[in-house]
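S.K.: Supplied in structure tokens, the structure appears directly below.
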Amino acid sequence: MSDDQMVTIEVDGRKLEAKAGELLIEVTDAAGINIPRFCYHKKLSVSANCRMCLVEVSKVPKPIPACATTVNNGMQVFTRSPLALAAQKGTMEFLLINHPLDCPICDQGGECELQDVAVGYGSDVSRFVEGKRVIPERNIGPLIATDFTRCIHCTRCVRFGAEIAGIRELGATGRGEHMEIGTYVEKSIDSELSGNIIDVCPVGSLTSKPARYQARAWELVQREAVAPHDSVGSNLHIHLRRNQVMRVHPKDNESVNECWISDRDRFSYLGLYSEDRVTRPLIKTEGQWKECDWQEALDFAAQGMKKARGGDGDQIGALVSPTATLEEMYLTRKLMGGLGSRNVDSRLRQGDFRGEESAPWLGQSIADLDNLNGVLLIGSNVRKEQPIFAHRLRKAAMEGAWVGFVTPFELDMNYRAEQLVSSPAGMISDLAAVAKALGLSGSLVDDAEVSDVHQRVAEKLKTAEKTTVLLGNLAVAHMDYSLLRHLGALIADATDSVLGFLPEAANSVGARLVGVAGGDGLDSLAMLNSPRKGYLLLGVEPDWDFWNPSLARQSLSEAEFVVALSAYRSASLEENADVILPVAGFTESSGTYVNAEGIWQSFNGSVKPMGEARPAWKVLRVLGNLLDVADFEYNSSSQVLEEARDSSTIQPGGNSSTPGELNVRTPAAGLVRAGDVPLYASDALVRRSNPLQKTNDAISAAVHVNPQVAKDGGFSAGDQVMVKQGNTGATMALVIDEAIPDGCARIPAALSGTGELGGQFGEVTLEKA
Amino acid sequence: MANEVCLRNLDQDRPWLLKRYQAAGGYEVLSRILKENTPPDEIIEEVKASGLRGRGGAGFPTGLKWSFIARNAPGQKYVVCNSDEGEPGTFKDRDILRYNPHQLIEGMIIAGYAIGATVGYNYIRGEFWEPYRRFEDALEEARAAGFLGKNLLGSGFDFQLHSHLGAGAYICGEETALLESIEGKKGQPRYKPPFPAHFGLYGRPTIINNTESLASIPVILEKGGSWFKKLGVENSGGSKLFSISGHINNPGVFEIPLGTPFSELLEMAGGMKEGSKMKAVIPGGSSAPVIPGDQMMDLTMDYDAIAKAGSMLGSGAVIVMDDSTCMVKVLERMSYFYHEESCGQCTPCREGTGWLYRVVSRIENGKGRPEDLALLDDMTVKIAGRTICALGDAAAMPVQGMLKHYRDEFEYHIEHKRCMTGG
């Protein structure tokens, strides 16, 4: 029987068409026939253990589980016959004997699958009079609260770990009634997708630690939003109570995030309520910050900008966070344009601007990633950069796709992948060697030394059917990014692979569409290398959001005037800005993000901005008016969006890369820094989410080197070392890490203590502090 | 006529040694098959003709099971022997492992040949340390003699056999839990279908048979399927090992033709202990419903006769109880066993076995309530047939049997808060 053959079955007297081999529960779900269930989950393997979905099937003497029964032509199913109902009610009675019947004090109460089904299938009085099973609380980290006394052993969480997250962190131990879900040895759950087990758990056994006991399900209002961190653009449900975000859940979107979201998207909302939110406008006079009203602050900002500009618009520039909305970006560019400046950029972490590139599309649909047969990732720790893309790629790998990485340090994988680990300079030679193995020639390529590994990579990409070459955050930050991109493009071309980008932030692509990235003015590095007299910062923190924070702070501090639109105040912002205009944070403003695939996703504000903060597009609009910029009368963000859409000519399509000069800037000898941005350091919001900052992914500033490098320098693990990078320096702990190749020091960026250093990539020397 | 198949070598000194087994004609059937290149279908047909039914308890025809495997399908296939003899009352496979390990090895190699498998596993109950050691020694002997390994006896057929010692979980005797356990996972039954013949060990086609079934194969092929079949009666071919225990003089393992009257088996086991009168018999291991003694004396030991009496032949574990036995106490002990051994995977068994035990226990301990018997009746219906594997049925059936035949004892316990037998 072929899979697409159709069969007809009858359920409760209703004729239904189904694909042969489909699961009965899928067919009934699609037809809106409700069969109660707990262990079945559409994205997880079938385990048939809860026995709640038992139904009667003709010619079968016993009731059988709908979740594990495939449909056959002519099958007659009875979901509510006396036999089926007796089986379902029997299961319900058993499930409830050891389950606490104290729903009023359970955090899941009101949105509990067990509670809901018990209303229909449970008895009003329990016949079980013995004592119930009790399991002490287990601590599995800062994100997820456990109450395994409530567990009904459906194993959805266990299967999620094994099948989706790709790490078996939870399992079932013990037999019979002593069966228990847990980590066996007490440890935290560290998957970057761990929060999804809260959603798959049908009862109150796994709940959100930060949101637990904060609100009742029926007090919450649900709004829609788009995740503000990576370029996946995961769809979210925001749950509010009285103008406060109480929690964030995924909204199903099969073609984007399926039914999952990353922990970053789920728990970052807590950063909204950080103590350093700016709730009133702030201006600095004679080195002193003072709160003021909007009128004064806006006048102050407009005057300051005007003065810094003088007679030459090129003297000012705008540095925009790539997590800003499309509307904010568009208005920033238009505002700057009105002042005669084309200097607007959101590529704040790019280390090399030589050559030309197309908009950084994924180059394919997100769902296409599932079906790839070969993938080469260049400078991408995708699991910690865009976790949902990592999940998609893992799906492809589990189906047999070959996945390879060219990376400056060995990555922690949750599937089998081929990693070419070499120093920042070695990354270039590795790619050149793969290109050479493909028979290419030219500068960079000709001198490459081809090994078996390079041959194998070339072979895999050439022979596999659907292949792609993807550039990630570490590639973009590389001081020879244009060379990596050029070589990646050559390899993609020679192997008939799609060239794609894994953009860093929620609106990296949108920025390009409205000319905030890749426009014709100065890029971010140039704006800092040739300091401007005035800067406009949008959602940016100088210590943490720039490729080279030392340079950023220096150029900002020397400027005549810096106006910052920000939701937060931070030391480096207060040091360098002259006025801080408080703007709305995540969920507080309407806007649009364009994700990696090129889908425009607009959202409304869900809550009012905190204090006197205002949506940034409104602030920009008033600034534009005060500065007499023409055509700056907008009454809604959708008006801005419409104009931005009309002005944008770039459509998703083939990616391209045109090389600039091909000389290698990365030192071939010595120690070169590879500065990744850790998962929970990516932007101002996530940096302020306390629960995320308590996870194991929230690492602190340190220099990671391999044992040989440590030995050569006479260092031991834990030593405080002075890292010198150009004329900058900082002291931090040394970590000995086998994952780092020779010639490389991994020194993550965007962490407290790294703001004193230079570029994310660059030569460093280490000395004992 | 006794001891004709699996225990036919018991009269010898140290019969487990290879030389003794070979001296009695052991490995000759295998040698002949390998030499003559006997078509596998012929072997399977002969096994079918023997009427051999699975000796582990379910009684599924062995030859039919073998024929489910697509012999010519590419890739690895496996033969697995279930020596995880854990059913309370059963201790027959232990004696095969101790006294006739080579006949089992020969049977497994032939099974491998018949289905095209080159690897076999014998999963041995965790508590069987001595039988495990002896089986391991036998494997070493067989390997050294060229009966296991590559290119057996120059035939081009490869077969390697490994033993695997369990860790003491009753549920690992369930065939798919056993496979999970070999794979290194938690011993939990799989949902079926797919059956092991299609998706077995490591997802490959697998036959899994009981020790006694596999050890019977060489004799069946030596003497012919019809010879074996004629040992027994209609629908119950061959002879079978019975492990008989309880209030009898000579408990032990007896190999007798199927269809032998129970009274004869009892006689071989030395009859009831002095001064005791038979009260009840569990004819097929603790999962089989109890049969009152007087009814049992009229039965023959074969699949149909026992089934007709409302119980099952099971693994052939016969537990004889005299009139000093308190049936409530017996059921409490058995219910505790199933409660303790439930794997915990599916709801009715995980929750139901514990509840069953607690209710029976409170009756035994003088705290029973008048509604408890109806509760027990109801619970057994909600467990049996609703679980992933047969452990749910195994836990429910003894309760149903006891309440059917000895309800008065339970009622007496509830009413008088003590035992009517004085026990």
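S.K.: DSSP loop trypsin sites (Lys or Arg not before Pro) in the stretch B:68-97 with at most 16 other Cβ atoms within 10 Å of their Cβ, which ones? Intermediate values should be presented prior to the final figure.
M.R.: On the way: sites: B:Arg71, B:Lys77, B:Lys92, B:Arg94; in loops: B:Arg71, B:Lys77, B:Lys92.
Taking the stretch B:68-97 and a limit of 16 other Cβ atoms within 10 Å, the loop trypsin sites (Lys or Arg not before Pro) found are B:Arg71.
S.K.: For the stretch A:547-607 and the stretch B:341-416, what is the separation of their Cα centres, given in Å?
M.R.: So the two Cα centres are separated by 67 Å.
S.K.: Within 10 Å of each Cβ of A:84-91, how many other protein chain Cβ atoms are there on average? Mind dumping the intermediate values first?
M.R.: On the way: counts 0, 0, 3, 5, 1, 1, 9, 7.
Per residue, the average neighbour count from other chains is 3.
S.K.: Mind sorting A:Glu504, A:Glu275 by how few other Cβ atoms lie within 10 Å of their own Cβ, fewest first?
M.R.: Numbers: A:Glu504 28, A:Glu275 7.
Going from least to most buried by this count: A:Glu275, A:Glu504.
S.K.: Can you tell me what the convex hull of the Cα atoms of the stretch B:287-349 projects to on average, as an area in nm²? List each step's numbers first, then the result.
M.R.: Working: hull surface 21.5 nm².
Average projection, Cα convex hull of the stretch B:287-349: 5.4 nm².
S.K.: Something else about it: Would you mind calculating the gained length between A:Thr765 and A:Arg138 on full extension (0.36 nm times residue separation, minus the Cα-Cα distance), in nm to one decimal? Before the final figure, lay out the partial values.
M.R.: Numbers: separation 627, 0.36 × 627 = 225.72 nm, distance 4.43 nm.
That pair, A:Thr765 and A:Arg138, stretches by 221.3 nm at full extension.
S.K.: Further question: Determine how many Å³ per residue the convex hull of the Cα atoms of the stretch B:211-307 encloses. Kindly include the intermediate steps, with their values, before the conclusion.
M.R.: Values: hull volume 9.5 nm³, N = 97.
It is 98 Å³ per residue.
S.K.: Something else about it: Using Stokes-Einstein with the Kirkwood hydrodynamic radius over Cα pairs, what translational diffusion coefficient do you get for the stretch A:615-769 at 37 °C and a viscosity of 0.692 mPa s, in µm²/s rounded to a whole number? Numbers along the way, then the final one.
M.R.: Details: Rh = 19.3 Å.
The calculation lands on 170 µm²/s.
S.K.: When only alpha-carbon atoms count, how far does the stretch A:534-590 stretch along each of its three principal axes, as whole angstroms with the largest first?
M.R.: 33, 22, 17
S.K.: Compute the relative contact order of the stretch A:135-261 as a whole-number percentage, counting only Cα pairs closer than 8 Å that sit 6 or more residues apart in sequence.
M.R.: Working: 215 pairs, mean separation 26.3, N = 127.
It comes to 21 percent, rounded to a whole number.
S.K.: Related question: Beyond 31 Å between alpha-carbons counts as too far, so tell me which of A:Lys307/A:Lys724; B:Lys229/B:Lys279; A:Lys395/B:Lys77; A:Lys62/B:Lys404 fall in that bin.
M.R.: Over 31 Å apart, Cα to Cα: A:Lys307/A:Lys724; B:Lys229/B:Lys279.
S.K.: Quick one: dipole size for chain A, taken about the Cα centre, charges +1 on Lys/Arg Cβ and -1 on Asp/Glu Cβ, in debye to the nearest 20. All intermediate terms of the calculation are to be shown ahead of the outcome.
M.R.: On the way: 75 positive and 99 negative charges, 351 e Å.
Here the size comes out at about 1680 debye.
S.K.: Looking at this model, which pairs from B:Lys92/B:Lys185; A:Lys59/B:Lys230; B:Lys240/B:Lys273 are more than 29 angstrom apart at the alpha-carbon?
M.R.: On the way: B:Lys92/B:Lys185 27 Å; A:Lys59/B:Lys230 35 Å; B:Lys240/B:Lys273 24 Å.
Exceeds cut-off: A:Lys59/B:Lys230.
S.K.: Can I ask one more? Please state the relative contact order of the stretch A:51-116 as a whole percent: Cα pairs under 8 Å, 6+ residues apart?
M.R.: Numbers: 60 pairs, mean separation 20.0, N = 66.
Normalised by residue count, the contact order of the stretch A:51-116 is 30 percent.
S.K.: Just the number, please: percent antiparallel of the DSSP beta bridges in chain A, rounded to the nearest 5.
M.R.: Details: 58 of 102 bridges.
So the antiparallel bridges in chain A amount to around 55 percent.
S.K.: Once label points are set 7 Å from the Cα along Cα→Cβ at both B:Glu36 and A:Gln720, what is their separation, rounded to one decimal in nm?
M.R.: Spacing of the two 7 Å Cα→Cβ label points: 8.8 nm.
S.K.: Can you give me the three principal axis dimensions of the stretch B:47-176 from its C-alpha atoms, in Å, biggest first?
M.R.: 41, 33, 26
S.K.: Another question, if that's okay. Could you tell me which of B:Ala117, B:Phe147, B:His198 has its Cα farthest along the dipole of the stretch B:115-257 towards the positive end, charges placed at Cβ (Lys, Arg +1; Asp, Glu -1), taken about the Cα centre?
M.R.: Working it through, the farthest residue towards the positive pole turns out to be B:His198.
S.K.: Would you work out if the stretch A:278-399 is rounded, prolate or oblate? Take a ≥ b ≥ c from the square roots of the eigenvalues of the alpha-carbon gyration tensor; rounded if a/c is under 1.5, else prolate when a/b is larger than b/c, oblate otherwise. The partial results should precede the final answer.
M.R.: On the way: a/c = 3.32, a/b = 2.23, b/c = 1.49.
Taking the square roots of the gyration eigenvalues as a ≥ b ≥ c, the stretch A:278-399 is prolate.
S.K.: If you take the charge dipole of the protein assembly as shown about its Cα centre, with +1 on Lys and Arg Cβ and -1 on Asp and Glu Cβ, which of A:Phe405, A:Cys67, A:Leu372 is farthest toward its positive end?
M.R.: Positive-most Cα among the choices belongs to A:Cys67.
S.K.: What's the long-distance tail for chain B, i.e. % of Cα pairs beyond 35 Å? Present the calculation step by step, with values, prior to reporting the outcome.
M.R.: Details: 25271 of 89253 pairs.
Here the long-distance tail beyond 35 Å is 28 percent of all Cα pairs in chain B.
S.K.: If the only charges are +1 at each Lys and Arg Cβ and -1 at each Asp and Glu Cβ, what is the size of the charge dipole of the stretch B:65-189 around the Cα centre, to the nearest 20 debye?
M.R.: Dipole size: approximately 320 debye.
S.K.: Take A:Trp289, A:Trp260 and order them by how many other Cβ atoms sit within 10 Å, fewest up front.
M.R.: Placing the least packed residue first, the sequence is A:Trp289, A:Trp260.
S.K.: So what is the diffusion coefficient of the protein assembly as shown in µm² per second by Stokes-Einstein at 10 °C and 1.306 mPa s, using a Kirkwood Rh over Cα pairs? Don't jump to the answer; show the numbers that get you there.
M.R.: On the way: Rh = 34.6 Å.
The diffusion coefficient I find is 46 µm²/s.
S.K.: Further, regarding this structure: Rounded, prolate or oblate: pick one for the stretch A:343-457, where a ≥ b ≥ c are the square roots of the eigenvalues of its C-alpha gyration tensor, a/c under 1.5 means rounded, and failing that, prolate if a/b is larger than b/c, else oblate. Each step should come with its number before you reach the end.
M.R.: Working: a/c = 1.66, a/b = 1.08, b/c = 1.53.
Oblate shape, in that a/c is at least 1.5 and b/c is the bigger or equal ratio.
S.K.: Mind checking B:384-392 for the average number of partner chain beta-carbons within 10 Å of each residue's beta-carbon? Kindly include the intermediate steps, with their values, before the conclusion.
M.R.: Working: counts 1, 6, 12, 3, 6, 0, 0, 1, 1.
Shielding by partners across B:384-392 averages 3.
S.K.: Where a ≥ b ≥ c are the square roots of the eigenvalues of the C-alpha gyration tensor, would you call the stretch A:1-40 rounded, which needs a/c under 1.5, or, failing that, prolate if a/b is larger than b/c, or oblate? List each step's numbers first, then the result.
M.R.: Working: a/c = 2.91, a/b = 1.38, b/c = 2.10.
Taking the square roots of the gyration eigenvalues as a ≥ b ≥ c, the stretch A:1-40 is oblate.
S.K.: Using Cβ contacts closer than 10 Å as the measure, can you line up B:Leu241, A:Leu206 from fewest to most? Present the calculation step by step, with values, prior to reporting the outcome.
M.R.: Values: B:Leu241 26, A:Leu206 29.
Sorted ascending by nearby Cβ count, the order is B:Leu241, A:Leu206.
S.K.: Relative contact order of chain A, please, whole-number percent, based on alpha carbon pairs below 8 angstrom and at least 6 residues apart. Working shown, then result.
M.R.: Working: 1774 pairs, mean separation 102.9, N = 769.
The value is 13 percent.
S.K.: Just flag the trypsin sites (Lys or Arg not before Pro) in the stretch A:204-267 sitting in loop per DSSP whose Cβ has no more than 13 other Cβ atoms within 10 Å. Numbers along the way, then the final one.
M.R.: Values: sites: A:Arg212, A:Arg216, A:Arg223, A:Arg241, A:Arg242, A:Arg247, A:Lys251, A:Arg264, A:Arg266; in loops: A:Arg212, A:Arg216, A:Arg242, A:Lys251.
Sparse-neighbourhood loop trypsin sites (Lys or Arg not before Pro): A:Arg242.
S.K.: GluC sites (Glu not before Pro), restricted to the stretch B:144-225: which are DSSP loop and have at most 16 other Cβ atoms within 10 Å? Please report the intermediate quantities before stating the final value.
M.R.: On the way: sites: B:Glu174, B:Glu175, B:Glu180, B:Glu183, B:Glu212, B:Glu222; in loops: B:Glu174, B:Glu183.
Hits after loop and neighbour filter: B:Glu183.
S.K.: Please quote Rg/Rh for the stretch A:105-207 to two decimal places, taking the Kirkwood radius as Rh and restricting both calculations to Cα atoms. Don't jump to the answer; show the numbers that get you there.
M.R.: Numbers: Rg = 14.2 Å, Rh = 14.6 Å.
Radius of gyration over Kirkwood radius for the stretch A:105-207 works out to 0.98.
S.K.: Out of all DSSP beta bridges with both ends in the stretch A:613-769, state the antiparallel percent to the nearest 5. Write down the numbers at each step before the final one.
M.R.: Working: 15 of 22 bridges.
So the antiparallel bridges in the stretch A:613-769 amount to around 70 percent.
Coordinate-derived values only; no laboratory data. Worth saying up front: this structure is predicted, and the values here are computed from it rather than measured. Ideal geometry is used to build each Cβ from the backbone, glycine not excepted, and the neighbour counts take in all protein chains shown.
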